[in-house]
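The values are calculated or read from the model by the stated rules, or taken from the named source; none is laboratory data. The structure displayed is predicted, hence computed values, not measured ones. Cβ coordinates were reconstructed from backbone atoms using ideal geometry, including for glycine residues, and neighbour counts include every protein chain displayed.
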Amino acid sequence: MADIQSTTAAAPLIIRRSDYRPPDWLVPEITLDFDLDAAATRVHATLSVVRNGGQDRPLRLDGDGLLPLEVKVDGRALGPDEWALDGGALVIALPGQAHVVETRVELAPEGNSKLMGLYASSGLLCTQCEAEGFRRITFFPDRPDVLSRYTVRMEADKARYPVLLANGDPVGQGDLPGGRHWARWNDPFPKPCYLFALVAGDLACNADRFVTMSGQEVALGIWVKKADLPRTAHAMKALKDSMAWDERVYGREYDLDVFNIVAVADFNFGAMENKGLNIFNSRYILADPETATDLDYDGVEGVVAHEYFHNWSGNRITCRDWFQLSLKEGFTVFRDQSFSADMGSRAVKRIEDVRILRAAQFQEDSGPLAHPVRPESYMEISNFYTATIYNKGAELIRMMALMLGPERFRASTDLYFERHDGEAATCEDFVRAMEDGGGVDLAQFRLWYEQAGTPRVRALLNHDADAGTAELVLEQTVPPTPGQPDKKPMAIPLRVALFDPQSGQHRGDQLLMLTEAKQAFTFTGFAQPPVLSINRGFSAPVIVESNRSQADLAFLSARDDDPFARYEAMQQLMVNVLVGSIGGQPVDEAAVVAAIRHTATDPQLDPAFVAEAIRLPSEAYLGDQMAVVDPDAIHAAREALQRRIGEALEPLWRDIHAGTKANAFSLSPAAKGARKLRNIALHYLVASGAQDGPEIAFGQFHEADNMTERQAALATLANGASDAREAALDIFYNRYRDDALTLDKWFQTQAFAFHPDTVQLVAELREHKDFTLTNPNRVRSLFGAFAGNQWAFHDKSGKGYRLVADCIIALDKINPQTAARLVPPLGRWRRFDEGRAAMMRAELERILTEPDLSRDVTEQAGKSLE
Ligand code: 0A1
Ligand code: ZN
């Protein structure tokens, strides 16, 4: 066993991109045999392995918590000295070029609280393998560049597990003695093991069909608990819409005879794109008007599309290694965002996406966990399913699409799919396909994959009345981020227009490429100083600082024909007033009131857009604009402005609220827009302090025939101290106590409330009989929401920090992935005053002193303190 001994050095703590080496052994075929049972599942794996390249290294099969009951090579059982376990991996020295290796292991799915590998959830057995869960099921080279053809046989008790699903197409099934049965599935497409899946359970099916563009019929199934069947219609519609859209927009057709989706209650992320068998967190499948908000409906549509689109961007072309994660995630987010834009309002979708990017990714990019879209190293890959990989990654694709234009972008994606179908590819492969298909040079653009940090662009517009010219001076800086102190100038595509303030017109939108640290662009024919509209459509994920006056912003908020730029001008107008008032400067609140009145009364505008535009920036976003975040001052200033807007326009809010009352529930864009606007109007009306505010809110809560209005009314009431608050919360609880997804909203609304006692209330809810650490949705609805409530979480007592840290410590023993996702809010301590920062650091240090802390939390907490 000399060869094996030489490989038994401890697994490296840090995995580096530069250490990538092709696999030593390939596994073209694998057969898996499962004898399923919640307490003891037996797995028999048969791998055909082939040596890769001229090397003599042993076969190393990853394993995590597995003990081989039997190991065979070419049909012969090996003795205990013929294999070794090294850091969980099974190592076997093999003499030849190709062998058949068999292993048998036993698992206990019901004891698997990490929800990685094979686990039990509400009577179901299901799997989650991305990123490294397959090694908790069987010994295998668990890396995305080992692609295999899978045949899977499952055997189980027929009464308890009447439905047996796996990847690919079903190829056989039958009954067995003793009330048992079996099923066999075969997936003809070679895939990495992170895309493996099986599900066993008592499930009902919403069955439908889709005929692809080449005439192939696909059987569609959405599998849920029987009682949930009526809540699957929206997901099914979203699936069929996605399939048609991917054919129309990208020319991508589905490739198996069946496509199944299963909803499970306990799931660490949103959903998973396993080949032909997507597994979803039930919150992204189940929706009906009684329990789902319009946002939930949109979430279902977007996530169903996202997972479906992965069939091409992720499954047919997968990632060579996990550093390339954004290859599939960034592109797929871009695809799902484009799909949702086509299904609803393009303008509103863009605003929502940018709001998410700024809230999640810009914060990440400016803190201790900042990393490039293609990271250089990681300790635990689960920590890299981040807003940077997903959302900034999508912005990179969007910028390339913009620079290429629609036709050349489509030619380039065609080339990418054709060139790399069936391969494990890299981000570089994608960029090269964009260059080759689009005829552009993206040499400098590649820096977006390498450099972390959000670029800042200073835009100064100078007017020369004599020459009749306007000069736009653009200066960029990319801030230092961990491990990257010095940055090079990026290639930044900025859509720009110059408005003539008199006519209210511009002469066309231009795409400027900012490629140097400082660059000037001159525009002729401007007798009067024009008004600058920049980063239209949010063409680049950057922070723009400009010398535009409040009057310019008011002009753009009323006149800009680019909806995003119009929204942005309104937001900037509000930010200037709020940040100014926090800084004790004299500010013109009346300008904000006037701009809101103008927007809210413009009959040409889509109500959904109006609702977005007139909403005040969040407390967290205001914090991002300050050198040191002062949560109390931000809260006070925002509340005061909200009240002022409420009071000044009270009749308008009453009119809108009364005028947007619908007769019957509908999911039409108009109905959704009306609800969005109605909820904002209610919010301002209550903020005005009007005596009857809580009564009107309670009326909406009581009468609503949909969750969008009911939850918004509840949230408005939860901020205040009226009797109606307790009454509404009690009614809501009693109505939905048996419906986990809806009860999550009850927890979330209270954790997110602007109420002076929120910290105490969250501490009490932690002890509530319906709170559990074993369900990630419940944890997120209480602690995820609370950590996003800047005013409450950063309560100067430090109690909020302690609550979250206590939760992380307790949860780490159960589900480290979900625990690690609660760490980043504590890691933002550099942004706060020394008192708060010291308390946040102390909690991170306390977490790190816990014995047996997971790699997930160790990495996040450790990096947060560096
Ligand atoms: N690839 C999935 C996200 C995902 C990642 C890791 C998981 O592990 C528990 C689960 C899901 C997606 O992008 O939808
Ligand atoms: Zn994805």
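Below are the figures for this structure:
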quantity: Unique residue being within 21 Å of Ile381 (Cα to Cα), over 22 Å from the mean Cα position of the chain (by Cα) and not acidic (Asp, Glu) when the list is Gly827, Gly862, Gly835; calculated: Gly862
quantity: Filtered residues of segment 560-580 (kept if within 22 Å of Asn462 (Cβ to Cβ) and either among the basic types (Lys, Arg) or in contact with a strand residue (DSSP E or B) (Cβ under 7 Å, 6 or more places away or on another chain) (or both)); calculated: Asp560, Ala565
quantity: Which numbered condition Leu85 fails, given (1) within 32 Å of the chain's Cα centre (by Cα); (2) within 29 Å of Phe323 (Cα to Cα); calculated: (1)
quantity: Qualifying residues in segment 794-820 (those that are among the polar types (S, T, N, Q) and part of a helix (DSSP H, G or I)) - the one surrounded by the most Cβ atoms within 10 Å (Cβ to Cβ); calculated: Thr818
quantity: Residues that are touching a Gly at 6+ places or on another chain (Cβ under 8 Å) and either on the phi > 0 side of the Ramachandran plot or basic (Lys, Arg) (or both), drawn from segment 624-678; calculated: Arg643, Lys672
quantity: Residues that are over 15 Å from Ala45 (Cβ atoms) and surrounded by fewer than 18 Cβ atoms within 10 Å (Cβ to Cβ), drawn from segment 58-73; calculated: Gly65
quantity: Residue identified as within 16 Å of ligand 2 (Cβ to nearest atom) and surrounded by fewer than 19 Cβ atoms within 10 Å (Cβ to Cβ) among Gly270, Gly251, Gly215; calculated: Gly270
quantity: Boolean, Ala491 is farther than 26 Å from Leu357 by Cβ and either buried (at least 20 other Cβ atoms within 10 Å of the Cβ) or in contact with a Phe, Trp or Tyr (Cβ under 6 Å, 6 or more places away or on another chain) (or both); calculated: no
quantity: Qualifying residue in segment 341-357 (condition: assigned by TED's automatic domain parsing to the domain that holds Asp429, in contact with a Lys or Arg (Cβ under 8 Å, 6 or more places away or on another chain) and within 16 Å of ligand 1 (Cβ to nearest atom)); calculated: no
quantity: Test result for Val823, surrounded by 23 or more Cβ atoms within 10 Å (Cβ to Cβ) and part of a loop (DSSP other than H, G, I, E, B); calculated: yes
quantity: Positions within segment 131-150 being of a type outside the set (Asp, Glu), away from ligand 2 (no atom under 16 Å from the Cβ) and outside any strand (DSSP E or B), in sequence order; calculated: Phe134, Arg135, Arg136, Ile137, Thr138, Phe139, Pro141, Arg143, Val146, Leu147
quantity: Test: Leu325 is touching a helix residue (DSSP H, G or I) at 6+ places or on another chain (Cβ under 8 Å) and more than 14 Å from ligand 2 (Cβ to nearest atom); calculated: no
quantity: Residue ranges of helices (runs of 4 or more DSSP H) in segment 509-600 with at least 2 members within 24 Å of Ile492 (Cβ to Cβ) and under 34 Å from the mean Cα position of the chain (by Cα); calculated: 550-559, 563-582
